[in-house]
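The values are calculated or read from the model by the stated rules, or taken from the named source; none is laboratory data. The structure presented is a predicted model; accordingly, all values stated were derived computationally and were not measured. Cβ placement follows ideal geometry from the backbone for every residue including glycine, while neighbour counts extend to all protein chains displayed. What goes into the accessible areas is simple: the full protein's heavy atoms, side chains included, and nothing from ligands, DNA or RNA. Shrake-Rupley method; radii C 1.70, N 1.55, O 1.52, S 1.80 Å.
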Amino acid sequence: METENLNYVGLDIGREMIDAAWYENNRLHRLKVTNNRKGFSQLTEHCGMEVHYVMESTGPYSMGLALHLHQQSIRVSVVNALVIKRFIQMHLEKNKSDEKDAEWVCRFAINQHPELWQAPQTHIVEARQMQSTIRQLIKQRTASINALKSLECMPIVSKEAKRCYEKQIRSLDKEINRLEDKIQELLMEHEGGKMKALQSIPSIGKRASATMIIATDGFRKVDNYRQLSSWAGLSPKEHSSGTSIWGKVRISRMGGTELRTLLFMCSMNAIKNNRACRELYTRLKAKGKNGKVALCAVSNKLIKQCVAIAQSEKPYNETYQAIRC
C-alpha cells in the first residue's frame, strides 16, 4: 500500500449505523459508529480530521455526515452508488455486507481518487425536501383516486366512505399546491435571476425551471449542457461490437426520471412555440426520424438553451438562438 493511499477512509452509510474501513501499515482497520452527531464525533476522533472520507450517495442517510464533515473543512467525497457497485462487480466480489462495502469504498477511493464533494446550498436542500414530499403526496393522491373509482363501481356505495376519499383528495391537492408555491417563493428569493431567465424560454415553465435548478444546485454543478443531458438520462447510448452486433442507439435512461419526463412534456409544447426546437423537429422528421427520436433531440435542445440562459441569466432571445442553435 502506497503512503499517499493511507489517508482514505471508506464509509458504508446505513439508516442507524456507519461502517468505516481504512488501511494503515498495510493492515485493514474497521470501526462502527451510530449515524448521528455522537457517532460523527467518534468517527473523526478515531480516524482524524486530516484524512479523506469517501461514501456512497444514499440520500438522507449520507447527507448528515457529509454536511458535518464539510462544515469542519474535512475532505469528503460522495460517490454515485452505481459507480461503486460497478467497481465491486469489476473485481468479481460475490459477498456483500456493510463491513465489506466499507472496505470496497476505501479500495475504490485508493484506486480512483474521487473529487471532493461540493455541499449544496441550504435553500436547495430545503427545496429538494419539499419536492420529495410532493412526490409522496402525489402517490397518496393517486392511490386515493383509484380507491374512490373502485368504490364507485360497487352496486352499493357508502356515502361516508366516498366522502372520506373525496376529503382526502382535496386535502392532498391543497398541500401539493401549497408546497409547490413554497418552492417557487424559496427559489425566487435565492435564485430569482435564473428562475426568470429560464422562464423566458418558450415552453419552460415554473415547474421545469424549478426542477432543473434543484437538480443542478442552481446550475453550480453543471459546466455544460452535456452534463445535464446525461443526468436526465437523455444522452445517447450505443450498443455495437464488431460486425455482428449492431444495436440501436438509444437514450441511456439513467438518472433523473422526473426531469426527463418533464422535459419530454416541455418538448411537445416546444415544437409548437419554440422556434429553434420547431425547426429542429421538422428537420429531423423530414429526414425520416420517428417522433420519439425527434422529441429526444428537442429535449436536448431545450437543455442546451436552459444551461446557456441560466449561466448568463439573460432573457431568451429567439433571434440569437436561431442563429446559434
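Pick out the one residue from GLY14, GLY48, GLY59, GLY39 that is out of contact with any strand residue (DSSP E or B) (no Cβ under 6 Å at 6 or more places or on another chain) and surrounded by 14 or more Cβ atoms within 10 Å (Cβ to Cβ). Show your work before the answer.
Details: GLY48 fails: surrounded by 14 or more Cβ atoms within 10 Å (Cβ to Cβ); GLY59 fails: surrounded by 14 or more Cβ atoms within 10 Å (Cβ to Cβ); GLY39 fails: out of contact with any strand residue (DSSP E or B) (no Cβ under 6 Å at 6 or more places or on another chain).
Just a single option satisfies the conditions, and that option is GLY14.
Condition first: within 29 Å of the chain's Cα centre (by Cα), farther than 16 Å from GLN131 by Cα and open to solvent by 80 Å² or more (accessible area, probe 1.4 Å). Now tell me which residues in the stretch 167-190 satisfy that.
To start, the set of residues in the stretch 167-190 that are within 29 Å of the chain's Cα centre (by Cα) comprises 169, 171-190.
With farther than 16 Å from GLN131 by Cα added as a condition, the list becomes 169, 171, 189-190.
Those that are within 29 Å of the chain's Cα centre (by Cα), farther than 16 Å from GLN131 by Cα and open to solvent by 80 Å² or more (accessible area, probe 1.4 Å): GLU189, HIS190.
Can you tell me which residues in the stretch 10-21 are farther than 18 Å from LYS38 by Cβ and of a type outside the set (Asp, Glu)?
Matches in the stretch 10-21: GLY10, ALA21.
Let me spell it out: the conditions are (1) free of Cβ contacts under 8 Å to residues at least 40 places away in the same chain; (2) within 22 Å of ARG220 (Cβ to Cβ), and CYS153 meets all of them except one. Which number is the exception?
(2)
Taking the stretch 287-325, which residues are modelled with pLDDT of 90 or more, loosely packed, with under 12 Cβ neighbours inside 10 Å and closer than 18 Å to SER200 by Cα?
SER312 - this is the single residue of the stretch 287-325 that is modelled with pLDDT of 90 or more, loosely packed, with under 12 Cβ neighbours inside 10 Å and closer than 18 Å to SER200 by Cα.
Tally the residues that are touching a residue at least 24 places away in the same chain (Cβ under 8 Å) and assigned to a helix (DSSP H, G or I), restricting the search to the stretch 84-133.
Here the count works out to 25.
Might you let me know whether the stretch 152-166 holds any residue that is part of a helix (DSSP H, G or I), exposed (fewer than 15 other Cβ atoms within 10 Å of the Cβ) and either among the hydroxyl-bearing types (Ser, Thr, Tyr) or under 28 Å from the mean Cα position of the chain (by Cα) (or both)? Can you show your working first?
So in the stretch 152-166, the residues part of a helix (DSSP H, G or I) come out as 152, 159-166.
This time we only want the ones that are exposed (fewer than 15 other Cβ atoms within 10 Å of the Cβ), so: 152, 159-163, 166.
Adding the requirement that they be either among the hydroxyl-bearing types (Ser, Thr, Tyr) or under 28 Å from the mean Cα position of the chain (by Cα) (or both) leaves none.
No, the stretch 152-166 contains no residue that is part of a helix (DSSP H, G or I), exposed (fewer than 15 other Cβ atoms within 10 Å of the Cβ) and either among the hydroxyl-bearing types (Ser, Thr, Tyr) or under 28 Å from the mean Cα position of the chain (by Cα) (or both).
Where the second residue is among the acidic types (Asp, Glu) and the first is open to solvent by 80 Å² or more (accessible area, probe 1.4 Å) and lies in the stretch 265-286, which pairs have Cβ atoms under 9 Å and are six or more apart or on separate chains?
Listed by first residue and then by second, the contacts come to ARG275/GLU318.
Would you please name the residue that is least open to solvent (accessible area, probe 1.4 Å), looking only at residues in the stretch 213-233 that are in contact with a Leu (Cβ under 7 Å, 6 or more places away or on another chain) and assigned to a helix (DSSP H, G or I)? Steps first, please.
Within the stretch 213-233, the subset in contact with a Leu (Cβ under 7 Å, 6 or more places away or on another chain) is 213, 215-216, 222, 232.
Within this subset, residues satisfying the condition of being assigned to a helix (DSSP H, G or I) are 213, 215.
Numbers: ILE213: 0, ALA215: 29 Å².
It comes out as ILE213.
Please give the number of the condition GLY193 fails out of (1) under 28 Å from ILE271 (Cα atoms); (2) under 20 Å from the mean Cα position of the chain (by Cα); (3) in contact (Cβ under 8 Å) with a residue 24 or more places away in the chain; (4) assigned to a helix (DSSP H, G or I).
(2)
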